[in-house]
There are 2 protein chains.
Amino acid sequence: MYSSRALRVVRWGRHTCHCLDAAAQLHTKQFAPKKALILTKFSRYEFEKKRHGNIPEAELEKRLKERGSDYNMLLYHHYLHKGCENTVVQALRNQNIDTKVVTRFDYKSDVIEESDIVFTMGGDGTFLLGATRILHPNKPIVGINSDPTRSEGHLLLPKRYSVNIKEAVQRLLAGKFRWLFRKRIRMTLIGQDVYKPPVELHNQQLLNPEYRYLDMDWSNASLPTSYMESSTMVEPRGITYAKQARVLPVLALNEVFIAECLSARVSYYEMSIDGGPQFKQKSSGLCVSTGTGSTSWTYNINKLTPQVVSQLMNALKHETGLELDSKDEALVGRVTDRVNQVLIFGPEENRMCYTIRDPVMSAPRSAAEKRPRGLARRLEVRSRCFDANLVVDGGLSFPFNDGTVAILDIHDDDALRTVVLDD
Amino acid sequence: MYSSRALRVVRWGRHTCHCLDAAAQLHTKQFAPKKALILTKFSRYEFEKKRHGNIPEAELEKRLKERGSDYNMLLYHHYLHKGCENTVVQALRNQNIDTKVVTRFDYKSDVIEESDIVFTMGGDGTFLLGATRILHPNKPIVGINSDPTRSEGHLLLPKRYSVNIKEAVQRLLAGKFRWLFRKRIRMTLIGQDVYKPPVELHNQQLLNPEYRYLDMDWSNASLPTSYMESSTMVEPRGITYAKQARVLPVLALNEVFIAECLSARVSYYEMSIDGGPQFKQKSSGLCVSTGTGSTSWTYNINKLTPQVVSQLMNALKHETGLELDSKDEALVGRVTDRVNQVLIFGPEENRMCYTIRDPVMSAPRSAAEKRPRGLARRLEVRSRCFDANLVVDGGLSFPFNDGTVAILDIHDDDALRTVVLDD
């Protein structure tokens, strides 16, 4: 619509996926990795051992028990994980693949670069950690679920391979797979404080918090791309401060969540969807999800329950006179599942699903208020918040205060290359 | 179910509303107030004047304009408010009612006690402020909307009285009204840090933040009641710290919101509804609302949009083969309104509406997961959070961390006595 102050735009070049394949010599039938890097989860047992300064085992056991921790359980899960890890290493080395194992502390750009393929051993969190340092589609990454009883593993190979890793490796080397390009959201921030370092939010429920971004250098980090978006949002009058633009050096694999930091505060922002008219919004937050993330946070926000479906059937019955039995649990269940299935879409989809959560309606209603959820290729959001953040995959929080604009969109160049094994 | 460590319970005594009337000599036909207290909003103009140290008017105007504030608008709203206030004072004095006007700074227990009735002049925020210091049903409070163009006034007299205050006063004195007892939620906290002072969250969008609790003394404050709840929740093993119990010295007129402080964190807690089985829950927060609050935050969380209703009609059509036209906007609109109407209930209702927001489903599903929204007379909630809070009416935030139990229920003794004028 209206241009804001123009930013210099240099287009790097767009590649389609098969061009990327050719460029990276990554056709499935010819995929013959020589070097594999395994990023293995740092287990809670190892974490406690390190934390206690490598004291004798008996002493560690005693201290953990005093704290109410289940020492035997810790050991059990550690050895389960290590067993799985050893099996993978063996399976790869048996195929003459030079295999290196690292934990998060040594998972750096140089070792990633040297490898032909990255495997993660752990749960979804370890896979997310692995993906954090691969910001282009040229390095295949495969997640193996090392503890299928504890982790759902949405991002990982199916659980059956956790106990049959040799087969997974064989299929991979025999070309019996296809590439899956998980699309990710690129975030461009335009404003005053866009180089302020982010804060890592860890999942407190994990006794061994999965710090994914801890070792990253934030001092001058932007995404290595020369392609810079420019915002079309109308500036409020009187804004004279100098603005910077920054493409964030992280890509969202699941979702971006934008809201006031405090959960009790309502968020004010303005949005433009796919270049459409800018509109103001007041809500408890904005969630923007990829296809990968469509079974995650956004699903929990949007899903309907049998309770609601039942009430709706009643209301429909009253309005239409049709025979609708809202007490028919089986019917209610099927309708609920069907309507919730609509929320899920594929990881290779180039669109994002945005949800304006708990919108506060104003009169007259904007079009967006009637449709607080939809798909978009590009979103522009301007913060009118007091103390807000933009949170990436529930882990990393960037300041997003009054006046800052975020541009969210999906680029082929940012996809994560992973694998779906043939059945 | 299982008793936790017993707390001494002394029952103060339950009164029904008509007994309260008799005790307080508050029959409508005999209501003849001699002294009225008016709590008047401190306008933004006054706020800015005070903030700038009472400099000459011309200087104030200059400084405000430099900041981009609309000085003339500030004056306009200030005089509008003052005009309304003067009209009320006149109308009351003309009826020989001794009338005193105070701002928030002088709104204290002693002046409230002396008066027979409290009027608030301002918006909903001023009414909430007025209600904060009336923790029993014996002091009538009536809210007058001094700026109906800017405030919806859900808690106040209908907007027409804002320009016809004399009529409102006359009806009141002629007994042409009924008492409305707005039920409020009492909160009892049991745990380690229950006497930690709360934090006031102000609405940043208000340029003159409506600090409602600023002047309250938190040092030894509990609700003045000797009736103490005891928790039935099962204690996790190994808890040995000493617990305290405290009935909070505030009552929720709209709602209580319980969640991790940070909006990006998922909240873990356990709940028991009306003494039922305790169950674990993982969600983005728990909202517990009164009838008064049922058009507010909880409504925004739970309401359905035409978009969702349309999708549901489609799903029903597929499952039943019935002729349902999801593109019939009028029908979709009527169904949406009907199903959302179910969310609203009366302010005198003794039950609260709880909503488990964005529940993360686990398998197998608990009964509560199928019904994340319902009515209850009593709720017990145990925090399993890292850094959570219990927020009262979106304004006051109490710490609510791992292990703390909150008991929420409604007592007649805690109601707020206000007025509905006859048509």
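The values are calculated or read from the model by the stated rules, or taken from the named source; none is laboratory data. This is a predicted model, so every value here is computed, not measured. All Cβ positions, even for glycine, are placed from backbone atoms using ideal geometry, and neighbour counts span all protein chains on display. Areas reflect the complete protein model, heavy atoms only, side chains present, ligands, DNA and RNA absent. Shrake-Rupley method; radii C 1.70, N 1.55, O 1.52, S 1.80 Å.
The residues A:152, A:329, A:380, A:349, sorted by heavy-atom accessible surface at 1.4 Å with ligands and nucleic acids left out, run A:329, A:152, A:349, A:380 from largest to smallest. Listed by chain and number, the lysines whose alpha-carbon sits under 30 Å from that of residue A:65, ignoring those within fewer than 8 places in the same chain, are A:41, A:49, A:50, A:82, B:243, B:280, B:282. Only Cα pairs under 8 Å and 6+ residues apart enter the sum, and on that basis the relative contact order of region A:317-423 stands at 20 percent. Residue of chain B with the smallest Cβ distance to the axis mapping B onto A, distance rounded to whole Å: B:263, 2.
The residues neighbouring residue A:171, those whose beta-carbon lies less than 13 Å from its own, together hold a net charge of +2 under the Lys/Arg +1, Asp/Glu -1 convention. Treating each Cα of region A:251-337 as one equal point scatterer and applying the Debye formula with no solvent, the log10 of I(q)/I(0) at q = 0.18 Å⁻¹ comes out as -0.91. Sorted from nearest, the other copies put their residue A:58 label points 9.0 nm away, the label point being 7 Å from Cα in the direction of Cβ.
Normalised by residue number, the volume inside the convex hull of the Cα atoms of region B:264-423 is 170 Å³ per residue. The label-point distance for residue B:63 and residue A:159, in a model that sets each label 7 Å from Cα toward Cβ, rounds to 6.7 nm.
Annotation for residue A:244 and residue B:325: the two label points, set 7 Å from Cα along the Cα-Cβ direction, are 5.8 nm apart. Considering every residue in A:328-339, what mean count of other chain Cβ atoms within 10 Å of its Cβ is obtained? Average neighbour count from other chains, rounded to a whole number: 4. A P(r) calculated from all alpha carbon pairs of region A:18-131, with 5 Å bins opening at zero, reads 2, 10, 17, 17, 17, 14, 9, 6, 4, 3, 2, 0 percent.
Here residue B:176 is the anchor, and the lysines within straight C-alpha reach of less than 26 Å, apart from those fewer than 8 places off in the same chain, are B:29, B:34, B:35, B:100, B:139, B:159, B:166. Close amide-amide hydrogen proximity is noted between residue A:360 and A:282, A:283, each under 5 Å apart and 5 or more residues distant or on a separate chain (H modeled in the peptide plane; Pro and chain starts excluded). Note on B:384-393: average number of Cβ atoms from other chains within 10 Å of each residue's Cβ is 2.
Full extension of the segment from residue A:200 to residue A:167, taken as 0.36 nm per residue of separation minus the current Cα-Cα distance, would add 8.2 nm. Working ranking of peptides A:127-135, A:243-251 by packing, defined as the average number of other Cβ atoms within 10 Å per residue, highest first, is A:127-135, A:243-251. Of all aspartates and glutamates in the structure, those lying under 18 Å Cα to Cα from residue A:108, and not within fewer than 8 positions of it along the same chain, are A:98, A:116, A:210, A:215, A:217.
A simple spin-label model places pseudo-atoms 7 Å from Cα toward Cβ; at residue B:95 and residue B:138 they are separated by 2.3 nm. Sorted from shortest to longest, the distances between the residue B:72 label points of this copy and the other copies are 8.1 nm, with each point 7 Å from Cα along the line through the beta carbon. Per-residue mean of foreign Cβ neighbours for A:34-46 is 0 (Cβ atoms of other chains, 10 Å radius). Given their separation in residues at 0.36 nm each and the Cα-Cα distance between them, residue A:28 and residue A:79 gain 15.0 nm when the chain is fully extended. The other copies place their residue B:158 label points at 6.6 nm from this one, listed shortest first, where each point is 7 Å from Cα along Cα→Cβ.
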